[in-house]
Amino acid sequence: MKNSIRVKIITVFVFLFVVLGTISIWSILNFRRLSDAIEAIMEANYQSVVSAQIMTVALERQDSAELASIFSTGDSASEIFTSNQNEFLKALSRAEDNITETKEPAILSELNELYADYVNEYYVLLAIAESRGIQEASSYYYNSILPLFENVKKLTRDLLTVNQEAMLSKRNRALEVARNASFSTALISSFAIFLGFIFSIYLTAKTVRPITMLIEKIKLIAQGDYRQQLQEKGRDEIAELSKEFNIMAGRLKAFEEMNIQKLMEEKRKAEGIVESIGDVVLVTDSENRILVLNRAAEKVFDIRKEEAVRTHFLESIRYEEVFEQVKKTLKGQQEGDKGYADVSIEENGSTRHFRVKSKPIKNEQKEIVGVVTLLQDITKLKEVDAMKSEFVSTVSHEFRTPLTSMGMAVNLLLDGTSGETNEEQKELLQAIKEDQERLNSLVGDLLDLSRIESGKIQMDIQPNELKEIVDNAMRPFTIQLKENDIDLRVELPDKLPRVKADFNKISWVLTNLVGNAIRYVSKDGSGKITVTARKTVNKLLVSVTDNGIGIPEDMQEKIFEKFVRADESPGGTGLGLAISREILLAHGGEIWVSSKQGSGSAFYFTLYCVG
Amino acid sequence: MKILVVEDEKNIVLSLKMMLKKLDHDVVVAKNGVESLEISRVFRPDLVLLDIVLPGMDGYLVCQAMKKEHETARTPIVFMSAMSREEDIKKAYQAGAADYIVKPFTPEQMKSIIEKYLKGG
């Protein structure tokens, strides 16, 4: 972790700070050199220039005072001369204190000499003027003093010139220093900036490169290529990240391999199952193209799997009835439908019967994306069914003939047609009569059930008013209820939608349910039976509720089976509820019971509404 | 009223004959189709009670034959059979049946049928 990204970034910054510092120090040094040069000028020459100027002015005033003193008497001129002499000497001594140029000492010593002469000449002139008159003095002035004056003046001017020239040359030097400083600063700055730039780019690239690589590899992994591995060089965060990344990629790879293996296994399993199913299995997609078919399908439809897969259903399988079922399922129109279709297919010269059942395949959004179609071979079933039907029909016919003669004979005996019978005989005959009647209805129900089961009784499903069905179903009870003190109520809400129902069959179911209820409610006046209905989403829920003896919980499902009765009370064949269930199944409806022993039962059934 | 009963089951014939005689009807029984056709020509029944399952000719053929006979062409023929399938009943009406009662029937059912044709006749 020592050579971390943090350290790298800090290194870059430190380097840049160092470069910046170097440039700053260099600039400061340059400024100092420049200011030194200027200072030198000030110290070395400016004083001398000023002194030279003061000397020139003082000299000229002295000269004027000299002339004045020739033509006038009085002390004022002399005073001016003397005061300017002081000025001159002060300036001269300042200049002498500040000798900087090589020519300066010579000029100054000469100046010193000549000025001393000049001052002496003044006093000579004064003496001449006094002794020899103005004429003589003026001549002396012009001949001796003026040239001297000019010389002194020239020397002060020389001093000025020397210093001015020195100033100029120093100014030039300062300019050169400044130029050099600018140049070198620019050079060093450019170099430092260039170096810093290169270094930053290098370090940034070096730091970012592993991250870029990581991004690339993660992208590949996201696309499903789990073989990606990163180099684990160095000890920084990136190396750490790379290490963890490699572990993750490895785990993902192993996981995926495991998944693929599992998937392949599942696929083989599923294929094995599909193949081993003796029924025809077809899987189609939302475009009705064949996706899967098994060996049974190949045989029955006389097609090859390799040719049929991916083709449209009807292209390979020319059975419209089968396709209709697939289409219906794909559209999700199975509501109220019996959910299957029976088709006959010619195979090797013989006709075989199949029951076509389709189930939709739904995705997570509950949309239908395909259909699984199963063709069950019901040829045997049909044959057996036909035999059973024939058998039941024959048996019941054979039963009914003796039952008819028994019934008539018992009735004739009971109604006294063939002579009077005593009470005991009547009682016995009554017992025979009751059991004859029971056998009668048993045979009738058995026949009905066998026909409904075999599909021989076609449901005539039409839109019907539930109220009319209920009224029709209640008709047989009007007399029975007057004899027994039972409160039978029909409580149907107004404006119920019409139901899809076979009028007579549903009426039969209701009659059967109410008949059962009457059998189990109390006959002492407290017995109560209610027929009611209510609308659910797309169905009507019809119920027959009683306050009778109820049904034990373990019997509540069984009572819909054949010959199962909740108790041993007389009457009933044990087939009524089985028939009712068959009728409702044929309607796409359901029937069930909710009951509590001792407090009554409620039978419910559902029927689809119209629309 | 003259009633011809075409029935091969002797036990049914026994009670039926007894019952009809008590109701003061003139009853003749035929045990098969051929016999019934022969009898009807002579007996000229006002009503025929006809079983379907008979030895030899079945009830449908008997009915069709009777409808062609001059003597019995207008005689109401009531089928009585243990066969209760719709197609059986339909076939009977197609053959010319006036009514169809399913065995087993009660004496009341039989009485009401006979009364119906008594009034009509």
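FRET efficiency for A:ILE479 and A:ALA386, Cβ-Cβ distance as r, R0 = 45 Å, nearest 0.05? Could the numbers behind the result be given before it?
Numbers: r = 41 Å, r/R0 = 0.91.
E between A:ILE479 and A:ALA386, to the nearest 0.05, is 0.65.
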Task: Rounded to 5, percent antiparallel among DSSP beta bridges of chain A - done: 90 percent
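Only counting other Cβ atoms within 10 Å, I'd like A:ILE188, A:ILE506 sorted with the fewest neighbours first.
On the way: A:ILE188 15, A:ILE506 28.
Lowest count first: A:ILE188, A:ILE506.
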Task: Potential extension, A:PHE31-A:HIS312 segment - 0.36 nm per residue separation minus Cα distance - done: 91.9 nm
Open item on the list: Once you place label points 7 Å from the Cα toward the Cβ at A:GLU287 and A:SER594, how far apart are they in nm?
Closed with: 4.9 nm
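So, counting K/R as plus one and D/E as minus one, what does the shell of residues with Cβ under 13 Å around B:VAL102 add up to? Don't skip to the answer; put the middle values down first.
Values: positive: A:ARG400, B:ARG85, B:LYS103; negative: A:ASP448, B:ASP51, B:GLU86, B:ASP88, B:ASP99.
It works out to a net charge of -2.
To the nearest 0.05, what FRET efficiency results for A:ALA270 and A:TYR604 with a Förster distance of 41 Å applied to their C-beta separation?
Values: r = 39 Å, r/R0 = 0.95.
Efficiency, rounded to the nearest 0.05: 0.55.
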TODO: For the stretch A:357-365, take each phi angle, set θ = phi - 60°, evaluate the Karplus expression 6.51 cos²θ - 1.76 cosθ + 1.60, and give the result in whole Hz per residue in order, putting x for glycine and proline.
DONE: 10, 10, 10, x, 9, 10, 8, 5, 8
Open item on the list: Suppose the chain between A:ILE368 and A:THR536 were pulled fully straight at 0.36 nm per residue; how much longer would it get relative to their current alpha carbon spacing?
Closed with: 58.0 nm
Open item on the list: Given R₀ = 22 Å, what would the calculated FRET efficiency be for A:LYS357 paired with A:GLN261, taking r from the Cβ atoms and rounding to 0.05?
Closed with: 0.10
Open item on the list: Let me check against my output: what whole-number percent is the relative contact order of the stretch A:5-208, with C-alpha pairs under 8 Å and at least 6 apart?
Closed with: 36 percent
Task: Spacing of the two label points (7 Å from each Cα toward its C-beta) at B:GLU86 and A:ASN504, in nm - done: 0.6 nm
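Just rank A:LYS505, A:LYS535, fewest to most, by other beta-carbon atoms within 10 angstrom.
Details: A:LYS505 23, A:LYS535 13.
By the 10 Å Cβ count, ascending, the order reads A:LYS535, A:LYS505.
Within a 10 angstrom radius of each residue's Cβ in B:15-22, how many Cβ atoms of other chains show up on average? Whole number is fine. Could the numbers behind the result be given before it?
Values: counts 12, 5, 0, 5, 7, 0, 1, 5.
Mean partner-chain Cβ count within 10 Å for B:15-22: 4.
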Open item on the list: Restricting to DSSP H runs of at least four residues, report the calculated mean residue ellipticity at 222 nm for the protein assembly as shown, -39500 (n - 2.57) per run over all residues, nearest 500 deg cm²/dmol.
Closed with: -20500 deg cm²/dmol
TODO: Please report the relative contact order for the stretch A:359-459, taking Cα pairs under 8 Å with a sequence separation of at least 6, and give it as a percent rounded to a whole number.
DONE: 27 percent
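Do the alpha carbons of any pairs in A:LYS426/B:LYS22; A:LYS500/B:LYS103; A:LYS219/A:LYS269; A:LYS382/B:LYS10; A:LYS426/A:LYS523 sit beyond 29 Å of each other, and which pairs?
Values: A:LYS426/B:LYS22 20 Å; A:LYS500/B:LYS103 33 Å; A:LYS219/A:LYS269 34 Å; A:LYS382/B:LYS10 37 Å; A:LYS426/A:LYS523 26 Å.
Distance filter (> 29 Å) returns A:LYS500/B:LYS103; A:LYS219/A:LYS269; A:LYS382/B:LYS10.
Would you calculate the convex hull of the Cα atoms in chain A and tell me its volume per residue in Å³?
Details: hull volume 249.4 nm³, N = 611.
Taking the convex hull of the Cα positions in chain A, it is 408 Å³ per residue.
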Open item on the list: Could you tell me the extents of the stretch B:2-120's C-alpha atoms along the three principal axes, largest first, rounded to whole Å?
Closed with: 33, 31, 29
Open item on the list: 7 Å from Cα along Cα→Cβ at both A:MET555 and A:ASP342: what's the point-to-point distance in nm?
Closed with: 3.5 nm
Task: Between helix A:146-222 and chain A: long-axis angle, C-alpha atoms, 0 to 90°, nearest 10 - done: 10 degrees
Open item on the list: Just to confirm the filter: which trypsin sites (Lys or Arg not before Pro) across the stretch B:5-111 are DSSP coil and have at most 12 other Cβ within 10 angstrom of their Cβ?
Closed with: B:ARG74
Open item on the list: In 10 Å bins starting at zero, report the fraction of Cα pairs in the stretch A:10-87 per bin as a rounded %.
Closed with: 16, 21, 14, 13, 11, 9, 8, 5, 2, 0
Open item on the list: For a quick size check, give me the Cα extents of the stretch A:284-377 along its three principal axes, largest first, whole Å.
Closed with: 44, 31, 18
Task: 0 to 90° range, to nearest 10: angle between helix A:104-140 axis and chain A longest Cα axis - done: 40 degrees
Task: Sparse-neighbourhood loop sites, trypsin sites (Lys or Arg not before Pro) in the stretch A:283-376 - DSSP loop, at most 16 other Cβ within 10 angstrom - done: A:ARG304, A:ARG310, A:ARG318, A:LYS331, A:LYS338, A:LYS366
TODO: Working from Cα positions, state the angle (0 to 90°, nearest 10) between the long axis of helix A:47-71 and the longest principal axis of chain A.
DONE: 30 degrees
Task: Paramagnetic label zone (point 7 Å from Cα along Cα-to-C-beta, A:PHE191; backbone N under 12 Å) in the stretch A:9-26 - done: A:23
Task: Most positive-pole-ward Cα, A:LEU428, A:VAL392, A:LEU442, against dipole of the stretch A:384-451 from beta carbon charges - done: A:VAL392
Open item on the list: Is there a quick way to get the dipole size of the protein assembly as shown? I mean about its Cα centre, with the Cβ of Lys and Arg at +1 and of Asp and Glu at -1; what is the value in debye to the nearest 20?
Closed with: 2160 debye
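A short reminder: the numbers here are calculations on the coordinates, not readings from a lab. Since the model is a prediction, treat every value here as computed from it, not as a measurement. Backbone-built Cβ (ideal geometry, glycine too); neighbour counts: all protein chains shown.
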